[in-house]
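Here's the structure we're looking at; comments come further down.
The values are calculated or read from the model by the stated rules, or taken from the named source; none is laboratory data. Computed from a predicted model, the values in this text were never measured in an experiment. Cβ placement follows ideal geometry from the backbone for every residue including glycine, while neighbour counts extend to all protein chains displayed. Remember, those area values only see protein heavy atoms, side chains included, never the ligands or the DNA or RNA. Shrake-Rupley method; radii C 1.70, N 1.55, O 1.52, S 1.80 Å.
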Amino acid sequence: MEVVFLGQIVMHIDVNSAFLSWTAAYEKQKGIDRDILSVPSVIGGSEENRHGIVLAKSVPAKKFKIQTGESLFEARNKCPNLLVIPPDYKVYVKASKALREFLKSYTPEVEVFSIDECFLRFTDVAREEALELAFEIKNKVREKFGYTVNIGVSENKLLAKQAGDLEKPDKCHTIFPDEIKDKLWVLPVEDLFMVGRRTRPKLNRWGIYTIGELANADYKFISSMLKSYGRLIYNYAWGRDDSLFKEKAPIKSVGNSSTLKFNVKDRETAHVILLSLTEMTAWRLREANMVCRVVSVAIKDSSFGYAARQRKLMGFTDCTRDIYLNLVSIFDGLWDGSPIRQLGVSVSDLEVSGIRQMNIFQDELSIKNEILDKAVDKIRERFGDESVIRGVFANSGLKPLLGGYPEDDYPGMASIL
């Protein structure tokens, strides 16, 4: 009996207006009587706290030419009645994880691209069945979770992503290799993955306005002018992508930063804020079942000057106390006394937590704090972030846990790049 090799089918799943869609679904579950997707609305911080940036916008907000990344001040000038909802990264992370778990019911090969995008890989689906399956997944996501996704289908990640971006929202598209000329080459060159606003003017000056014109340009010229980047986008224009498919992208670091409500001018307050950032960072480190051996501090002052420093520890740890004490030591040696606008902490050189060699430099209090940390994690997971806080935060006016779950927790298609 002859065995027919079906090849590889890759799907790119992209949540439409993810932060708004997840917020809308969450509000519906909570019984809040409004539909933020049907009115001009954005996800963004507050100007008072100096986080006044548009992170996501609704379709009605787009009609006012509101742009992601612009200030809320600019957005409100365009639309005075704009509804602004503060971001809630924990809701987004829970929604993202729930979606990925659902997608794993179709295939165990689910690769994260960003918090609202991922890839699926199938080796037992024929090309003729792939689009039908994509529609099934799209419709079930809408029924199960209450929001919509776009799905692109092809034979590699690049073309699947390009297909998913063809038309939104709530659509499924294909770009297979034999469809590149009709579906990919006709698009503006800036629609090609990895071609940004800085590259487009250069390509336009050379008479390249579409992806097809890039694909059919002189390879030696593109290579000489743009070096390895030029060779990359030239191959992308032809739909070439041989990157490997990984079930889970490796976490390289965990960190938090916060732009502060006021300029910090004294060391004691800075230490308390560092503790707040460390609480969240260490919690997320343990949640990922990882330990770290490098810690770092970053400082941005009121004049936007920037300084950062890191330290390698004697051994691996996930202990809030150990991480914090080292961060304080680094900070004290780094800070020049300038008013602080933003503080950030991160941990790196990670490995999976488990049975590890005993650290002879770890004291008894550190060991006890490791046990305490895990007990506190369980309480917070069940009863909320601030169900247990450190005494230093009581009546301080400072949040006991600063930071959230930024998108950089999701390394993306590093294998492509």
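Numbers for the structure displayed
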| read-out | value |
| --- | --- |
| R142 vs. criteria surrounded by fewer than 20 Cβ atoms within 10 Å (Cβ to Cβ) and either of a type in the set (S, T, N, Q) or under 29 Å from S58 (Cβ atoms) (or both) | yes |
| For A308: the one exception among (1) touching a residue at least 40 places away in the same chain (Cβ under 8 Å); (2) open to solvent by less than 70 Å² (accessible area, probe 1.4 Å) | (1) |
| Test result for Y219, out of contact with any Pro (no Cβ under 9 Å at 6 or more places or on another chain) and open to solvent by less than 70 Å² (accessible area, probe 1.4 Å) | no |
| P177 vs. criteria surrounded by fewer than 19 Cβ atoms within 10 Å (Cβ to Cβ) and in contact with a strand residue (DSSP E or B) (Cβ under 7 Å, 6 or more places away or on another chain) | no |
| Matching residues, region 151-174, being open to solvent by 10 Å² or more (accessible area, probe 1.4 Å) and within 15 Å of A126 (Cα to Cα) | E155, N156, T174 |
| Answer from I416, I355 - the residue that is in contact with an Asp or Glu (Cβ under 7 Å, 6 or more places away or on another chain), at pLDDT below 75 and not basic (K, R) | I416 |
| Pair list, Cβ under 9 Å, 6 or more apart: region 79-108 residue farther than 20 Å from A56 by Cβ, other residue surrounded by fewer than 16 Cβ atoms within 10 Å (Cβ to Cβ) | F102/K140; F102/K144; Y106/E136; T107/T123; T107/D124; P108/E247 |
| Selected residue (criterion: modelled with the highest pLDDT) from residues of region 375-408 that are open to solvent by less than 70 Å² (accessible area, probe 1.4 Å) and touching a strand residue (DSSP E or B) at 6+ places or on another chain (Cβ under 7 Å) | L402 |
| Condition met for S58 (modelled with pLDDT of 90 or more, of a type in the set (G, A, S) and within 22 Å of P169 (Cα to Cα)) | yes |
| Residues satisfying the stated conditions in region 28-55, i.e. at pLDDT below 90 and not in a loop (DSSP other than H, G, I, E, B) | K28, Q29, G44, I53, V54, L55 |
| Segments classed as strands (runs of 3 or more DSSP E), wholly inside region 245-343, with at least 2 members that are modelled with pLDDT under 90 and polar (S, T, N, Q) | 253-264 |
